[in-house]
1. Is region 238-246 home to any residue that is touching a residue at least 12 places away in the same chain (Cβ under 8 Å), buried (at least 21 other Cβ atoms within 10 Å of the Cβ) and of a type outside the set (Gly, Ala, Ser)?
2. Determine, yes or no, whether His232 is touching a residue at least 12 places away in the same chain (Cβ under 8 Å), surrounded by 14 or more Cβ atoms within 10 Å (Cβ to Cβ), under 27 Å from Glu59 (Cβ atoms) and under 16 Å from the mean Cα position of the chain (by Cα).
3. What residue, of Pro119, Pro126, is surrounded by fewer than 17 Cβ atoms within 10 Å (Cβ to Cβ), within 27 Å of Ala230 (Cβ to Cβ), in contact with a strand residue (DSSP E or B) (Cβ under 8 Å, 6 or more places away or on another chain) and of a type outside the set (Gly, Ala, Ser)?
4. Applying the selection to region 173-213, what residues are in contact with a strand residue (DSSP E or B) (Cβ under 8 Å, 6 or more places away or on another chain), farther than 24 Å from Tyr96 by Cα and surrounded by fewer than 20 Cβ atoms within 10 Å (Cβ to Cβ)?
5. Output the residues belonging to region 49-72 that are part of a loop (DSSP other than H, G, I, E, B), touching a strand residue (DSSP E or B) at 6+ places or on another chain (Cβ under 7 Å) and modelled with pLDDT of 95 or more.
6. Quick check, is Val46 among the β-branched types (Val, Ile, Thr), touching a residue at least 12 places away in the same chain (Cβ under 8 Å) and touching a strand residue (DSSP E or B) at 6+ places or on another chain (Cβ under 9 Å)?
7. Do we find that Gly34 is at pLDDT 95 or above, surrounded by fewer than 17 Cβ atoms within 10 Å (Cβ to Cβ) and assigned to a loop (DSSP other than H, G, I, E, B) in this structure?
8. Of the numbered conditions (1) surrounded by fewer than 18 Cβ atoms within 10 Å (Cβ to Cβ); (2) over 16 Å from Val207 (Cα atoms); (3) not β-branched (Val, Ile, Thr), Trp68 satisfies every one except a single condition; which is it?
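The values are calculated or read from the model by the stated rules, or taken from the named source; none is laboratory data. Small disclaimer: the values here were computed from a predicted structure and weren't measured. Cβ sites come from the backbone with ideal geometry, for glycine too, and all protein chains shown count toward neighbours.
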Amino acid sequence: MSPVFRFAPSPNGYLHLGHALSAILNADMAKARGGRVLLRIEDIDVARCRPEFEAAIYEDVAWLGLKWEMPVRRQSEHWDDYRAALNRLDAMGLVYPSFESRAEIARLVADREAQASWPRDPDGVPLYPGHAKTIPPAERTRRITSGDPYAFRLDMQAALRRVGTLDWMETGGSPQGQIGTIAANPAIWGDVILARKEVPTSYHLAVVVDDAAQNVTDVVRGRDLFYATAVHRLLQALLELPQPRYHHHRLILDSDGGKLSKSTEATGLRELRAKGAMQVEIRRLAGLD
């Protein structure tokens, strides 16, 4: 089977140079290995994703000279796939609902940090501090059926007890420059959210289901997702899904050293094209000479 790569942007804003770097790398690596490139629209964020941004993605990616196979997989058309995966994890006893609001979680974290330091995930977000796992099943059902907001979380410790040692093959590099076999440590993320009342999946769950459904063999994406790969490897192991190779590429940073934003007009592909930039210049600006 030939290698399968994918470029998977979210239509919650216009693409910028960082997206161009990722899209072009996927195309270049696929061409070098005689592989295929898929375009996926990751539109599970129903509040922020908009049709005009999706239309702009097709326009920008085509302008970059990339070709993709049809039909394009749109996550919002595959809710049942994610529900099935969630139900499978639930049947293993690995999923539980939590009912705290973001404000309530912030208060719980503050209470704990008043006594000692509280762990945070690689993105700097405090690990879930609540005790929803101890709520009796009947009370969980009552609160869900009564319409209370909730999030379905993965019981991380129970999940880890079901799998052995996890790792992945990295060809791009960790933030410290490490390549080769990378040991995965999903525990640093705590009890991650897998779905919410209003959206039946999270990025973590959707991306592993999608990659398996599309037979993706090589995941090429930004280094900001390097540590999240540990969660993806855990879900792949639990759901018995194939393991792709991973290539986490460098990020293009703004003048303040931060990750580019879709609101940064100076590096937006539409703005650069309007100023007369050509594809070869985009490659140069992305550091791909």
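1. yes
2. So His232 fails the test.
3. Pro119
4. Matches in region 173-213: Gly173, Ser174, Gln178, Ile179, Gly180, Thr181, Ala183, Ala213.
5. The answer is Val72, and nothing else.
6. It is false that Val46 is among the β-branched types (Val, Ile, Thr), touching a residue at least 12 places away in the same chain (Cβ under 8 Å) and touching a strand residue (DSSP E or B) at 6+ places or on another chain (Cβ under 9 Å).
7. Here the answer is yes, as Gly34 does meet what is asked.
8. Failed condition: (1).
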